[in-house]
Each structure stands twice: as C-alpha cells, then as structure tokens.
1. Using DSSP, restrict attention to beta bridges with both residues in the chain and report what percent are antiparallel, rounded to the nearest 5.
2. List, in order, the whole-Hz ³J(HN,Hα) value for each residue of the range 139-156 obtained from phi through the Karplus relation with A = 6.51, B = -1.76, C = 1.60 and θ = phi - 60°; use x for Gly and Pro.
3. Once you keep just the Cα pairs under 8 angstrom separated by 6 or more residues, what percentage relative contact order results for the range 91-230?
4. Amide H of Val198 versus every other amide H placed in the peptide plane: which residues, excluding those fewer than 5 positions away on the same chain, fall under 5 Å?
5. Any chance you could check the Cα centroid distance between the range 56-133 and the range 167-182 for me, in angstrom?
6. Answer with a single label: of (i) 16.2, 51; (ii) 17.9, 54; (iii) 19.3, 62, which was calculated as Rg and Dmax of the Cα atoms in Å from the structure in view?
7. Show me 155-163, 17-25, 79-87 ranked by packing, highest mean number of other Cβ atoms within 10 Å first.
8. Run a plain Debye calculation on the range 166-230 (Cα atoms as equal point scatterers, no solvent) and give log10 I(q)/I(0) at q = 0.11, 0.24, 0.27, 0.29 Å⁻¹, rounded to two decimals, same order as the q list.
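Each value in this text was obtained by applying a stated rule to the coordinates, not by laboratory testing. As the structure is a computational prediction, the values presented were derived from the model and not from experiment. Note: ideal-geometry Cβ built from the backbone for every residue, glycine included; neighbour counts use all protein chains shown.
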Amino acid sequence: MCGNNMSAPLPAIVPAARKATAAVIFLHGLGDTGHGWSEALAGIKSPHVKYICPHAPVMPVSLNMNMSMPSWFDIIGLSPDSQEDEAGIKQAAENVKALIDQEVKNGIPSNRIILGGFSQGGALSLYTALTTHQKLAGVIALSCWLPLRASFPQGPISGVNKDIAVLQCHGDCDPLVPVMFGSLTVEKLKTMINPANVTFKTYSGMMHSSSLEEMMDVKQFIDKHLPPID
C-alpha cells in the first residue's frame, strides 16, 4: 500500500470456506474499523467468496474539530456545497485500486470483485468504481453520496464500468447523510452508467446504520453478481 496507509493494520478478512473464486472489498464509515463489517458480512457469506474489510488510516478530520480518527479522506462538511478533499479522495481511490490489484495477483479476476462501503466508505467505493480501469462485478453503496460529482463529465462515462451493477441503499430517517443525498446520487449515476443496472432501495425508519432487511438485499446482490463458477 502506498501513501498514508503505511501504518494501517491488515484488513479484517472473512476467508472463503472453500477455494475463493470471488471477493467483496467493503469500506467502513468514518471513525469505524473493518471489524464490524467483517462480522456483518460473515453473517451473509457465500462459501466461494472472500470478504475483505480494510481499516482506514487515522487522520485529523475537519468535520470533527480536527480530531484524529479512522478516515479514508478528510471531510470538511456534510452539506452538498461543502468543500471536498480532492487530493485525499483521489489518493484513497488509488489505495483501493491497489487492494483490488492485490486480489487479482492472488488469482481473483477483477470482474469477480464487488466493491462496497458504508457512508464515507460507500462514497469512496462509488468514486473508485467510476474512475478505475479495473472491470468490477458491482458496487454496493450504503447510506452514502458521490464525491467530487462535479469532476465527472455530463452524460455516460466511458471505460470498463459503464455497465456496472450498483446497489444503493439508504435509511429514510438518516440524520447524518440525508436520504436526499442518496436519491440525488442515484439520479446522477443513471446518467453516467446503464440506468437499468442501478437499484436504489430505501428502508423505512432506518437511521445512519444498517438493518437485517438491508443485509439480505446485499446478500441477494452479491449472490446474483458473484455466482459460484465451479
């Protein structure tokens, strides 16, 4: 890993029960670690899939009065017109691409890898999928938004992921990342990639968190896009 990830501990991993022929790389939210999500994914795991939940580097976060905490990039504010940490987002995306390359070296082709994340991690997974040259199987974007949305061209993206499958989920009572951010993101995504492949699900009464119903939808998406091949 390059850049500021030198000191980050190794990812939390749920190994495949048999030979891994597919992988899910899932990025946690601000101030969290990969452990909670590795446990959640262990609850819905498929035997041929390896689940990788990296830990973000610890850095000062402007939104939280510069206190240091695990964060993929700096967050300055949570309103749609807040300034964004462009350099940090781009560096974080490069680190995720390096993780994907590592799995490809391990023998799992990139088109058998789903990238996902929650909140800040979901934002980074969307940004990475839309900017990488690695063809991915899909993206799971939970309770999040699209970073640097003005940097994307108007209209469809070119590149290997223009038909990528996206599952975007959001609680309709989210006080931190309003569901409006989710719906605006979906509208933007539908102009950039094949709109038939973009699914948006909202969960009644859910706040900035996950739920059993959501995890079942995540499982269904993973099973559909990473079927066993043997």
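1. Looking only at bridges with both residues in the chain, the antiparallel portion is about 25 percent.
2. 9, 10, 10, 9, 6, 9, 8, 9, x, 6, 4, 6, 7, 8, x, 5, x, x
3. 21
4. Val166
5. Here the two parts' Cα centres lie 18 Å apart.
6. Checking each listed value against the structure points to (i).
7. Packing order, densest peptide first, comes out as 17-25, 155-163, 79-87.
8. Log-scaled intensity ratios, in q order: -0.29, -1.04, -1.14, -1.20.
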